[in-house]
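The values are calculated or read from the model by the stated rules, or taken from the named source; none is laboratory data. Model, not experiment: these values are computed from the prediction. Ideal geometry is used to build each Cβ from the backbone, glycine not excepted, and the neighbour counts take in all protein chains shown. When the accessible area is computed, the model is the full protein with side chains, heavy atoms only, and any ligands, DNA or RNA have been set aside. Shrake-Rupley method; radii C 1.70, N 1.55, O 1.52, S 1.80 Å.
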Amino acid sequence: QFFVFCHGLLQLSQLLVSGYLKSSISTIERRYGLSSQTSGLLASFNEVGNTLLIVFVSYFGSRVHRPRFIGCGAILVSLAGFLMSLPHFITGPYEYDQSVASMFSNTTDLCQPGVPGSRGNLSDAGCTPRAARENHEVLLVMFIAQALLGIGGVPIQPFGISYIDDFASERNSPLYLGILFSVTVIGPGVAFMLGSAMLRFYVDIDKVAGDDVQLTNKDPRWVGAWWLGFLVAASLVAVSAVPYFFFPREMPKEHLSLFFLSDFPLVLLRNLRHPVFLLVVLAQVNLSAMVAGLATFMGKFLERQFSLTASLANMIIGAVNIPGAMVGIVVGGAILKRFQMSLRQCSAMCVLGMFLCLLLAFPLLFLGCPTQKVAGVTYSESSEFEHHALECNLHCNCPEKAYNPICGSNDIEYISPCSAGCRVVNINADNNSVLNYTNCSCISENGLAGFAKPGTCGTGCSHLFLPFVVLSCLAGILASVSHTPSFMLILRSIQPEDKSFAVGIQFMLLRVLAWMPGPVLYGSAIDTTCILWEKKCDRKAACRYYDNNLFRQR
């Protein structure tokens, strides 16, 4: 029982490391200027190390000191977690464009007609070869960490489960495995809640004094302390690893003779030719690819569609969507047990669940709003406006790449105070934050120069947020009802002696066909809907504005 407790704790903290990355992905994109394709590849990269080794490790399972192997794997996972946070410590503080001269820079993005020539690019300061090298190092470190995370995770599940199954009494074994399974489902939920808590802190909480931070967490330039969660999760894994070095080896009775390798191709073909097995696994692949993509980018979607903070988006996913999926899995299992279903009834239940899920998910296509009006990006009143837009801030000599969104009193968003022609910034003396911008030549109201508030105008979609969350949660519950019956279809339709092997093939196919490509495909699709890219040293970095309708539909 102590082993089961330790293993539950270890699996939970291992999932915290891998799940936490998904909760902070939109923040890491913003901090290091990554496209969603790159961040999607990063998020699925741990599957690479995992897939390469899982077959070997499962095969050697009965010949090694399993607890000690689990302990070593856990130490690798913990190392990977600490490595993930390393980029924060090897790069300088996060820099963003400001209207107020500060410790970072004495440049400002206000309209300053007197200043001759273009005032250079605020963001180009970071274009030295050193900065470019720094960015490569960051990516390299994170990809190595993800690969290590995958490799370290290899022995944890198979060895733990077989160890428990060997030494638990036949009666208790299902109970223990059920406990572990529920932990693996709770894990991602806890990870998103951890993300929600950490992203409320400013990223450079350890490098700058609180008074120098002029952003609130509602600002589109806000970057939360993404690295803190990795330190927390990695420390938890390190603590959970300790007991494993003290569990006995106690070899089980079963002997795995070497006929296994010579029979390998035969068994493989026999299972792959099995129509039920193949169809069910392909169905699971389609569903899992969607789950993998959603888990990675759902937070980002909520942030953009409904103008939420990253912290709130994670809170919703961790407290509503993931528990919903858990409820679905439990309900599916309960129905199976209660009605003792045949295989045909199992498949009917899967089909019904999927069909109802589709019905509920269909309205989600329409629950959202277009991107807010952004002057010169998504919006121009007329040809006259185009002309006016050029005229009204021409004398300002704006830095090209300034990004400090403000919302005009005319409900149009401007990329920076300078592009709205604002000459004056009013500061709140108490906490050093910006109150508003005035004297803005591009925002005219009744012939007078208008004013603007800092931050984005938002999509005005908040009234659709609740229906979206309710529908997506219900759709998730219905989809996950088919989880247990689909497993039953596989386990009951193949020959008993092939059971563990078939499950191995199934997970292998899920990894290669769903978990790996899923986030990358989703990320690429999201990238195609971007309408304004941040430029870093003449290369595309993170996306500033998406076409929200396209983002939602694709």
Cβ pairs under 8 Å, 6+ apart or interchain, first in the range 1-28 and assigned to a loop (DSSP other than H, G, I, E, B), second at pLDDT 95 or above and open to solvent by 20 Å² or more (accessible area, probe 1.4 Å), ordered by first then second residue, are none
With criteria (1) surrounded by fewer than 20 Cβ atoms within 10 Å (Cβ to Cβ); (2) in contact (Cβ under 8 Å) with a residue 60 or more places away in the chain, residue 463 comes up short on (2)
Residue hits (the range 267-307; open to solvent by less than 30 Å² (accessible area, probe 1.4 Å) and either over 25 Å from residue 465 (Cα atoms) or more than 13 Å from the chain's Cα centre (by Cα) (or both)) are 267, 271, 277, 280, 281, 284, 285, 288, 289, 305, 306
Discussion item. Take the conditions open to solvent by 10 Å² or more (accessible area, probe 1.4 Å) and outside any strand (DSSP E or B) and apply them to residue 451. Does it pass?
Written reply: no
| request: Scan the range 203-217 and give yes if some residue there is acidic (Asp, Glu), modelled with pLDDT of 80 or more and in contact with a Phe, Trp or Tyr (Cβ under 6 Å, 6 or more places away or on another chain), otherwise no. | output: yes
For the range 174-186, pairs from a residue that is among the hydroxyl-bearing types (Ser, Thr, Tyr) to a residue that is open to solvent by 30 Å² or more (accessible area, probe 1.4 Å) and modelled with pLDDT of 75 or more, with Cβ under 6 Å and 6 or more apart or across chains, are none
Restricted to the range 319-339 and to residues being open to solvent by 10 Å² or more (accessible area, probe 1.4 Å) and either in the same structural domain as residue 218 (by the TED database) or not hydrophobic (A, V, I, L, M, F, W, C) (or both), the residue farthest from the chain's Cα centre (by Cα) is 338
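Say whether the condition of being touching a Pro at 6+ places or on another chain (Cβ under 6 Å) and outside any helix (DSSP H, G or I) is met by at least one residue in the range 209-232.
Yes.
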Flagged in the range 502-526 as farther than 30 Å from residue 274 by Cβ and either surrounded by fewer than 19 Cβ atoms within 10 Å (Cβ to Cβ) or assigned by the TED database to the domain that holds residue 28 (or both), in numbering order, are 524, 525
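Please tell me if residue 552 is open to solvent by 20 Å² or more (accessible area, probe 1.4 Å), more than 24 Å from residue 347 (Cα to Cα), within 18 Å of the chain's Cα centre (by Cα) and among the basic types (Lys, Arg).
Working: open to solvent by 20 Å² or more (accessible area, probe 1.4 Å): yes; more than 24 Å from residue 347 (Cα to Cα): yes; within 18 Å of the chain's Cα centre (by Cα): yes; among the basic types (Lys, Arg): yes.
For residue 552, the condition - open to solvent by 20 Å² or more (accessible area, probe 1.4 Å), more than 24 Å from residue 347 (Cα to Cα), within 18 Å of the chain's Cα centre (by Cα) and among the basic types (Lys, Arg) - is met.
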Test for residue 178: is it buried (at least 20 other Cβ atoms within 10 Å of the Cβ) and either assigned by the TED database to the domain that holds residue 81 or among the hydrophobic types (A, V, I, L, M, F, W, C) (or both) = no
| request: Return a yes/no flag: does the range 473-493 have any residue that is over 30 Å from residue 269 (Cβ atoms), outside the structural domain of residue 51 (by the TED database) and out of contact with any Gly (no Cβ under 8 Å at 6 or more places or on another chain). | output: yes
The lone condition residue 37 fails out of (1) touching an Asp or Glu at 6+ places or on another chain (Cβ under 6 Å); (2) modelled with pLDDT under 85 is (2)
Taking the range 258-312 and keeping only residues that are modelled with pLDDT under 80 and β-branched (Val, Ile, Thr), one is left with 267
Being under 19 Å from residue 535 (Cα atoms) and modelled with pLDDT of 70 or more narrows 119, 68, 130 down to just 130
